[in-house]
Amino acid sequence: MDQTRSDSTSFHAKLVRDQFDNLEKHTQWGIEFVERYNKFVKDRTDIETSYAKQLRNLSKKYQPKRNSKEEEDQRYTSCQAFVTVLNEMNDYAGQHEVIAENMSGLIYAELSRYIQELKQERKLHFQEGRRAQQHIESCWKQLEASKRRFERDCKEAERAQFHFEKMDNDINVTKADVEKARQQAQTRHQMASDSKGEYSSALQNFNKEQHEHYYTNIPNIFRKIQDLDERRIVKIGESVKTFSEVDRQVIPIIGKCLDGITKAAESIDEKHDTQLVVEAFKSGFEQPGDVDFEDFSLPMKRTVSESSLSNSRSDGKQESKSGKSKGKLWPFIKKNKLSLKLGSGPEDFSHLPPEQRRKKLQQKIDEITKEIQKESDQRDGLTKMKDVYIKNPQMGRPESVDPRLAEIEQTIEKLRQESQKFEAWLAEVEGRLPVKTDPPRRPSEMPELPSTAVNNCAQDRESPDGSYTEEQNQDPQSKVAAQSEFDDEFDDEEILAAIGTCKAMYAFEGQNEGTIAMAEGETLRVIEEDKGDGWTRVRRSEDEEGYVPTSYVEVYLDRNTKGIICTCL
């Protein structure tokens, strides 16, 4: 019976030790799981931070640069929508930064603190369990020791009693020896009785401790460990819920960002953008009129229409006879070609089409107006400062401001003169935009206009190659003087000898200054080859010469001048 109870006690002690080992492993795994989840939150936080940074850099990279063509393009609704997308993406990045910040503060930092508390509490519980286990094992050892002592004393008392009885029955043994054996037996019986009492007391104490150990201490420790593990699981659940709420909190703002992008897409107006392109690049020229039908089937001399090329040619002949036209035009042509090759633009933007020129002039006037306003504000400020100095001489000398005021007045006067100059050019341009009812007129049909009007007319500024050239901003007297200078210079110029002939493959109206009209199939004399600019100088008669497009004629040079016959198409 005693052996059975002893084996049962040992079994339960070993079972408790095994359970503690299992629980220790499980709770250690639970803490490692929390640490793993917390590491996941940390990695997610790093990703959100990096993503937000990349989004901000992306938005900044594609933002239009100041004072560049990209900034000018912002007048288009599609470009404005793209800028809105960039701004919304920047706000979108801010929300990801909020996610990273909240996850770091509400989850990662909180779990890191909780893990330390969890480790400390787990350590205390298992220390308490080990102490309880050591205590019950100590009680068991005491019980076993008292039990073995009681058993030994009983055996010793039994042997002493047997020795006494043997001595008492032996007639050869003295009475003293018998008495000694009897006393020895009594002593052993008393020791056995004392051991029995100690064993009984130890047994009662052990049973009490064992009952308290298995029914109170160990269950309490197990409940504490269970509560610790349950709180760990609850904490994981709360963290997962917070993980979701952190994202959910920014969803409305992210939704507003996406709504802003959608609204930007809906604000794109293709008609508005294309109209801006039309307004930006329209030239202001009128479309050419219809070409008159010329009936070559009639044998009689046909009536030439007012706009036909032959009429232009005959008019050109009459006009060239009445004045010195052979040399007047070339200096202007050469100067215009040179200025275009150098890439220089005139101050009045006369090299631009009328509508573009009008916009440039208006832009220039607006810039000058802003400068005048800026200088005026400075003047007003200095004037107030001077008044303060006059009233309070201790603050400064009033005359110290006068040089700067005089300088500003001079600057304002120059800017006003500049503005008036550009306003005059703008008024001329706005008054001379092409009108549909006026057909294009050849140089021979142009009425004599004041030199200022001629200079500001778009067609009179056009060079033979159809491009716009620098306008001569001179007053009428200086222009007359310059014209006379050129007339005198080319009056003395020798008439160039013909170096070949050419045949017109196409009709050419020759409406621009320095050009000459020709009809299809007409033969003219070549007096100057194409210099690479696409124009050939020809002569119809002694008093009528000019430039024609090289691609419009077949050129036949004399062999004694070039030694070859060349055809240019």
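The values are calculated or read from the model by the stated rules, or taken from the named source; none is laboratory data. Because the structure is a prediction, the values reported are computed rather than measured. Note that each Cβ is placed from the backbone with ideal geometry, even for glycine, and that neighbours are counted across all protein chains shown. We work out accessible area using only protein heavy atoms, side chains counted, and drop any ligands, DNA or RNA first. Shrake-Rupley method; radii C 1.70, N 1.55, O 1.52, S 1.80 Å.
A few points about this structure:
- Of all the criteria given as (1) more than 30 Å from ASP290 (Cα to Cα); (2) open to solvent by 30 Å² or more (accessible area, probe 1.4 Å); (3) at pLDDT 80 or above; (4) out of contact with any Gly (no Cβ under 6 Å at 6 or more places or on another chain), the one not satisfied by ILE368 is (2).
- Members of region 180-211 found to be among the charged types (D, E, K, R) and either open to solvent by 70 Å² or more (accessible area, probe 1.4 Å) or at positive phi (or both), listed by number: LYS180, ARG182, ASP194, LYS196, GLU198, LYS208
- Count - residues of region 110-134 that are open to solvent by 50 Å² or more (accessible area, probe 1.4 Å) and of a type in the set (A, V, I, L, M): 1
- Scanning region 505-537 for residues being touching a Gly at 6+ places or on another chain (Cβ under 6 Å), under 9 Å from VAL548 (Cα atoms) and among the aliphatic types (A, V, I, L, M) gives a total of 2.
- Inter-residue pairs, beta-carbon under 9 Å, first under 16 Å from VAL429 (Cα atoms) and of a type in the set (A, V, I, L, M) and in region 273-288, second modelled with pLDDT of 70 or more and open to solvent by 80 Å² or more (accessible area, probe 1.4 Å), 6+ apart: none
- Total residues in region 196-245, condition acidic (Asp, Glu) and either in contact with a Gly (Cβ under 8 Å, 6 or more places away or on another chain) or under 30 Å from MET103 (Cα atoms) (or both): 5
- Matching residues in region 259-284 - criterion: being of a type in the set (Ser, Thr, Tyr) and part of a loop (DSSP other than H, G, I, E, B): SER267, SER283
- Pairs with Cβ under 6 Å, 6+ apart, first in region 137-149 and farther than 18 Å from LEU15 by Cα, second among the polar types (S, T, N, Q): ARG149/SER195
- Being without any contact (Cβ under 8 Å) to a residue 60 or more places away in the chain and closer than 30 Å to THR27 by Cα is a description that does not apply to PRO252.
- Take the conditions (1) over 30 Å from PRO353 (Cβ atoms); (2) under 30 Å from the mean Cα position of the chain (by Cα); (3) open to solvent by 80 Å² or more (accessible area, probe 1.4 Å); PHE281 misses just one of them, which is (1).
- Residue in region 51-101 that is most open to solvent (accessible area, probe 1.4 Å), counting only those that are polar (S, T, N, Q) and within 13 Å of the chain's Cα centre (by Cα): GLN54
- Neighbours by Cβ (under 6 Å, 6+ apart or cross-chain): first from region 38-53, modelled with pLDDT of 95 or more; second surrounded by 13 or more Cβ atoms within 10 Å (Cβ to Cβ) and polar (S, T, N, Q): THR45/SER104
- Residue count for region 214-272 satisfying the condition of being exposed (fewer than 13 other Cβ atoms within 10 Å of the Cβ) and among the aromatic types (Phe, Trp, Tyr): 1.
- Taken over region 152-178, the criterion of being surrounded by fewer than 17 Cβ atoms within 10 Å (Cβ to Cβ), in contact (Cβ under 8 Å) with a residue 24 or more places away in the chain and within 30 Å of LYS208 (Cα to Cα) is satisfied by ARG152 alone.
Yes/no matrix, rows are residues, columns are (1) farther than 30 Å from ASP292 by Cα; (2) open to solvent by 70 Å² or more (accessible area, probe 1.4 Å); (3) part of a helix (DSSP H, G or I); (4) at pLDDT 90 or above:
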residue: ASP377; (1), (2), (3), (4): yes, yes, yes, yes
residue: THR383; (1), (2), (3), (4): yes, no, yes, no
residue: VAL388; (1), (2), (3), (4): yes, no, yes, no
residue: PHE422; (1), (2), (3), (4): yes, no, yes, no
residue: LEU433; (1), (2), (3), (4): no, no, no, no
residue: THR437; (1), (2), (3), (4): no, yes, no, no
residue: CYS457; (1), (2), (3), (4): no, no, no, no
